[in-house]
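These notes are about the structure you will find just below.
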Number of protein chains: 2
Amino acid sequence: MMNKRQSLSGIFQLIVTAPLVFGSVVASAYQPDAPHEKARQANAKAWAKQDADIDARLAKLEERFGKKPNIIYILGDDVGWGELGSYLGGKLRGTPTPNLDRMAAEGLQFLSHYAEPSCTPTRLALLTGRHPVRTGVDIVLWPGQKQGLAPAEVTVAELLSGAGYHTAMFGKWHVGDLEPHAPENQGFDYAYYGLYNGAIYSWANQDAFYKSQTLDGVGHFYDFPGTLADYEKKYGIKILGALEGRKGRGRREVARLTSESMVEMEARSIIKIKRFIQDKAKSDKPFFLYWASYAQQMASSPREYRFNEGLDYRNNQSAELAQHDDYIRQLLDTLKQAGIEENTLVIWVSDNGPMYAFWPNAGYSWLRGEKGEVYEGGVRTPGFARWPGMIEPGQTALDLISVTDLFVMAARIAGAEDAIPSDRVIDGINQLPLLLEGEGNGRRNYLFHYSGKDLAAVRMDEHKLHIKQGSRGGLPNMEIYNITRDPGEKFGAMYSQLWAVAPFQRLIGSHKQKIQEFPHREIRSGLFSNK
Amino acid sequence: MMNKRQSLSGIFQLIVTAPLVFGSVVASAYQPDAPHEKARQANAKAWAKQDADIDARLAKLEERFGKKPNIIYILGDDVGWGELGSYLGGKLRGTPTPNLDRMAAEGLQFLSHYAEPSCTPTRLALLTGRHPVRTGVDIVLWPGQKQGLAPAEVTVAELLSGAGYHTAMFGKWHVGDLEPHAPENQGFDYAYYGLYNGAIYSWANQDAFYKSQTLDGVGHFYDFPGTLADYEKKYGIKILGALEGRKGRGRREVARLTSESMVEMEARSIIKIKRFIQDKAKSDKPFFLYWASYAQQMASSPREYRFNEGLDYRNNQSAELAQHDDYIRQLLDTLKQAGIEENTLVIWVSDNGPMYAFWPNAGYSWLRGEKGEVYEGGVRTPGFARWPGMIEPGQTALDLISVTDLFVMAARIAGAEDAIPSDRVIDGINQLPLLLEGEGNGRRNYLFHYSGKDLAAVRMDEHKLHIKQGSRGGLPNMEIYNITRDPGEKFGAMYSQLWAVAPFQRLIGSHKQKIQEFPHREIRSGLFSNK
C-alpha cells in the first residue's frame, strides 16, 4: 500500500531528521488516527513548545542518571473502576489496598483511563499502540488458536530494545500460543510467562476451586469433569504451563499449571522482578519491565494473604488483590533501595473491567457494564503514573487516556519515537504532557471503543455514543451519554441529544476514512490445536 | 401504655440520677431498639469507660469555652453517594465541591451513613431520633395534608432548647403544614423556612423551568397549566411560601414562592445563618442550628453559580451544588472568624439518594437504586463530621451511622441525654465514640430500612436483607447482599446465603417484639386542604 498520505508522511519523516531545525516536531512523525492528526495540526505550535520544555526536563534527568529513564508497566487483571482505595473501594469493599493507593497518591491518578474491553485486546493495544482490530486479532484467544501477535507488528519492547533498553516481561502474556507470538520473539530479552488466565487452568481443577469458595456463593461453571491431562487428551488441545523465554534462545515449560501453581507463579514473578530491577539498576543501560500480573483472576490464592481482617478471608479475589498490593509495596521498595525511583516511571492500569461471571471471585466496578462490554464498566479502569521528581504527587486528572498511549509514551521517553513505523495507524497519543504537566494537558479528546471487529462506541469530549446493531427505520440506532454528568450511563436517550449525532458521524467518518487508507492486517484465523 | 419493661426503665432512670455511683451509665437511660439494648448490655463496661473518657474531653472543652459546644446539622437535598468530590464525584461529575470536600477532609467522612429513603421521613428521623413510622408519619407530605410532626414527639431542638441552647432552623422543613407542626412550635427559637421542595413551586412555573434546561434533556413532568394562584383556586389547596417563625410569636409568610424565589430564599438563608452564628458566638449560651438546605432540588439556580467551568453551565442541579458548596465555605469561614470552630460540631448529611425523575436536574449515585427505594442508592448518603481539635482530621470510617443517631449525639453533647423520653423507642444510637475516637468505635451494627409502613430491608453487620412482597411457596421471599463485597447490590440470590436467613429472622423478631411493647403513634391521616 502506498498512497498520497503515506508518501507525504515519508517526506515529513525525512525532513524532521534534521533536528536542529525542527527539534521537537519529531513527535509528529508517525501516523495517528484522523482526529489526532487534525489536533496535531491545530496545536502544532503550542505542542512543539510544550514538547521542547519536556525534552529539556528529560535531558536534565538523563544527565543526572547517565541513561534514559526506566519504564515499568503493570497490568492488573479484571480490576474494576471502584475497587481500589483511591477509587472509593479498598477497605470499603473489604480489601484495603494501601500500596496501590500510595502509588496513586505519590503520582497522578487517572480518572479516565480506558482499556480495550477484554484481556487479549488490551494486551495487544499496550504492546503495539494500536487498536487490536488493526493488528488482525480482535478477540480473546483460547488455547489452541493459531492467531496471535503478528511478527510484523512493532511492539513497545522491540522499540525500546532497539533504543538500548534491557527488556523483560512477567506474567500473563495471552497474545498468542505459538512461538512467533512469544515475548522472547517480540522484543523481550527475558520473559517468565503464562499464556492464559487462571480460569482456564481451573477447568481441570474444580475440587480445589470449590474448596476455596466463600460463604457468599459457589462456583458454577468450571465443570469439565477431569484433569488437565484428560482435557488435553480428549480434545487434542495442548495447554502450556509456565514458560521461560530468552531472546534468541527459545522457550521452555518450567511448570505445569494448576490454580495453586498459578499462585506460585505470581509469587515467583515478584521475586524475579525484584532481582531484575536490582541487577539492571547497576547497568549503564535503562530497562523496560512489563508485568502483566495475574491478580486478581486466579482461581486460588496464597494462604498468607487470605486472612484480610474482618472479611471473606477465604475469597480468592480479595486475597489476590491483597497479595498484589503487597507485591506492589515490594516493587516500590526495591526501586527505592536501588536508588532509581527518580529515574523510573511506573504506570499501573487494569486490562478491563470486572468479570462478574466469576462472582464471588470477581472484580468490581461502580460503573455500568462489565468486562467484554463497551459500557464504562468494561473499559474504564483504574490507573496511575508515578515518577518522583518528574510527576507532581497528589494529582488526579480527568483527561482521557488510552492504554494505547502507553506505547507512544514509552517510545517518547526512550527517544525511540522515530522508530515507530509510519506505514500503519498508531492509535496511541503522546500523553507525557499530561503526566509531567498535569490535568488539562492531555492530548486526547476522543476514544474508539471496539467490540471484536465492530466499532461499538465512540467518545467525543465528554459525550459517548453507543452504536447499536440493527436499524431503526432510518434513524440512527444509538444511545448518547454525557459521561461527565452521567458516568454511570443511566440516561442515554438519543432524542434529547440529537445535536450530537452529526458531529459524531463526522468523527466516525474520518476514522473510517483512515482505515480505508491503512487497512487492517489480515490474519488467517484458526481454532485448531497447536500441539 | 405501661408495661413491665417501661416500669423497669423508669426504675433504671431513677437509679442513674445518682451520678456519683453510676456516672457514665446515664447514657443508657432512654429506650433503644432491641438489638442495641442487647449490645449495650454486652458492652456495658467497655462503653462506660469510653463514655467517661469522652465526658472528660467534653468537660475540658466546656471549661475552655465556658459553655457547651455549638451544634450545626446541615441536610443536603437529594445529594447522592458519589456526587461530592470526596465520594469520587465533584469534578468527575462536572461540579467540583472543594468546600464540602475540605469539610470532609478536616474531619471524619462517613462511608456508611444512612438516611431514610425520602425527604419527610429523613427530616422526622433527624428531629426525633426515631424511625418516622413510630411517629405516625411514614410518608412524604404533600401540600394540604393534615399529618405532620406530632407535638407529643420530642425534637432535638426541644431537648437542646431545654438544655439552654439557642435554636434556629433554616430551609426546607417539610414535616407538616399546620402550625402545631411548625419549627417555632417544635423547639426552635427562630425559623426561616419553606414547607416543601423546589419542584412543587415549579408546577406553576414551567416556563422558567423549561428555559433553564440543558442540552442534555428536557423537563417532562411539571405540566400543570397555569400559575400557582390558578392551582390554589382550582383545587382549594393553599401552598405556603417562605415563612418566618418565632417561638411563642407564631409565623408569617414573608414571600410567595416561585422557582426563582426559592433560589432567593437559599441565598437569604446563608446570610441569616452567618448573622445567627456571629450573634450567638458572643452569647454565654451555645447554639443549635439546623440548616435543611434546598440544594440541590430547586428548579432554578442563581445566575452567578451557573458558569461552572467547562460544563453544563445551564444545569440547575450543578449550579445549585456549586452554590451550596460556596455557602458551606461561607459558613466555615464564619465559624473561624467568630473564633468558635473548635467549639462547634458541624455534621453534613444528605436526606436521601438522587431523584432521577428530575433528570437532567437530578442528583447522582454510584449505588443501585434512587430516592424512594431502600437499595443503597436510596438510603446510603454522603456525610461527614467536622470539629477541629475534637475530631481527628483526614479520617474515613466504614462504621454504620444513621441519621437518627444525630438526635442522640446532640443530646449527649448538650448534656441533655436524661431528657430523652423513655416512654418510646429511640432508634438513634450514641455515636460520639465514632466521631471522637475514630473508625471501629461506632456502636451500630444494624439498620432497619422502612418504606412507608413496611420494613423493607434490614442490615446486619455487613449483610443486608431485602424483604420482598408476596410469597414464594413457603420459602422466605428475600434478597441477601454482602454490602461490603457487593456495595452495588448486584448479587442478591438468597440461595447462596441461606445461612443468613435465621439470624436475620431473629433480629427482625426482636425488633417487632419491641414494637409490640411500644406501639407506633397513630395519627389520623388526611389529604384535605389546610386552607
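Every number in this text was worked out from the coordinates using simple rules, so none of it is lab data. Not measured: the values here are computed from a predicted model. Note that each Cβ is placed from the backbone with ideal geometry, even for glycine, and that neighbours are counted across all protein chains shown.
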Point to revise | Cα-based radius of gyration of segment B:63-448 once divided by 2.2 N^0.38 Å, which approximates compact folds | key: 0.92
Study note, to complete from the structure: Residue by residue through segment A:459-464, the couplings from Karplus 6.51 cos²θ - 1.76 cosθ + 1.60 with θ = phi - 60°, in Hz, x for Gly and Pro, are 9, 9, 6, 9, 9, 9
Point to revise | Number of partner chain Cβ atoms within 10 Å, mean per residue of A:79-87 | key: 1
Review point. If we count other beta carbons within 10 Å of each Cβ, what is the order of B:Ser300, B:Ser471, B:Ser261, fewest first?
Key: B:Ser471, B:Ser261, B:Ser300
Exercise for review: Quickly estimate the mean residue ellipticity at 222 nm for the protein assembly as shown, helices only: each DSSP H run with n ≥ 4 gives -39500 (n - 2.57), and the total goes over all residues, rounded to 500.
Suggested key: -10000 deg cm²/dmol
Check your understanding: What list of whole percents do you get for P(r) of segment B:374-495, with Cα-Cα distances grouped in 10 Å bins up to the one holding the largest distance?
Key -> 11, 36, 31, 16, 4, 0
Check your understanding: Which aspartates and glutamates have a Cα lying under 14 Å from the Cα of B:Lys490, excluding residues fewer than 8 positions away in the same chain?
Key -> A:Asp216, A:Glu370, B:Glu376, B:Glu479
Revision key, fill the gap. In order over segment A:354-364: 3J(HN,Hα) from phi, Karplus 6.51/-1.76/1.60, θ = phi - 60°, whole Hz, x for each Gly or Pro, gives x, 10, 5, 4, 8, 3, x, 9, 10, x, 8
Check your understanding: Excluding the sites themselves, what is the longest stretch of chain A that contains no GluC sites (Glu not before Pro) in a DSSP loop with at most 16 other C-beta atoms within 10 Å?
Key -> A:1-308
Point to revise | Inter-chain Cβ neighbour average for residues B:391-399, partner chain, 10 Å | key: 1
Point to revise | Within straight-line cross-link reach of A:Lys45, lysines at Cα separation under 25 Å, skipping those fewer than 8 residues along the same chain | key: A:Lys4, A:Lys60, A:Lys514
Exercise for review: Just the number, please: percent antiparallel of the DSSP beta bridges in segment B:63-448, rounded to the nearest 5.
Suggested key: 40 percent
Study note, to complete from the structure: Listing B:Arg40, A:Arg256, B:Arg123 by rising number of other beta-carbon atoms within 10 angstrom, fewest first, gives A:Arg256, B:Arg40, B:Arg123
Exercise for review: Please list, in chain and number order, the residues 5+ apart from A:Ala456 or on another chain whose amide H is under 5 Å from its amide H, with Hs placed from the backbone.
Suggested key: A:His449, A:Tyr450, A:Ser451
Study note, to complete from the structure: Inter-copy distances for A:Ile523, nm, shortest first, label points 7 Å along Cα→Cβ, are 6.8
Review point. Between B:Asp230 and the same site in the other copies, what are the distances in nm, shortest first, taking label points 7 Å from Cα along the C-beta direction?
Key: 7.6
**Study point:** segment A:106-198, relative contact order [Cα under 8 Å, separation at least 6], %
**Key:** 25 percent
**Study point:** Percent of Cα pairs exceeding the 54 Å cut-off, where the set is the protein assembly as shown
**Key:** 23 percent
Review point. Residue separation times 0.36 nm, minus the C-alpha to C-alpha distance between A:Ala493 and A:Arg521: what's the value?
Key: 6.5 nm
Revision key, fill the gap. The whole-number value in µm²/s of the Stokes-Einstein translational diffusion coefficient for segment A:449-517, with Rh from the Kirkwood sum over alpha carbon pairs at 10 °C and 1.306 mPa s, is 126 µm²/s
Practice item. Could you work out, residue by residue across B:477-489, how many beta carbons of other chains sit within 10 Å of that residue's beta carbon, and then give the average as an integer? Key: 5
**Study point:** Integer Hz, Karplus 6.51/-1.76/1.60 couplings in order for segment B:131-139, x for Gly and Pro
**Key:** 4, x, 4, 6, 8, x, 10, 10, 10
Check your understanding: Taking neighbour Cβ counts within 10 Å as the exposure measure, how do A:Lys336, A:Lys371, B:Lys45 sort from fewest upward?
Key -> B:Lys45, A:Lys336, A:Lys371
Check your understanding: Quick one: which of A:Lys238/A:Lys453; B:Lys49/B:Lys272; B:Lys91/B:Lys285; A:Lys146/A:Lys336; B:Lys91/B:Lys371; A:Lys49/A:Lys285 span more than 32 angstrom between C-alpha atoms?
Key -> B:Lys49/B:Lys272; B:Lys91/B:Lys285; A:Lys146/A:Lys336
Review point. If you average the sequence gap of Cα pairs under 8 Å that are 6 or more apart and divide by the length of chain A, what percent do you get for the contact order?
Key: 25 percent
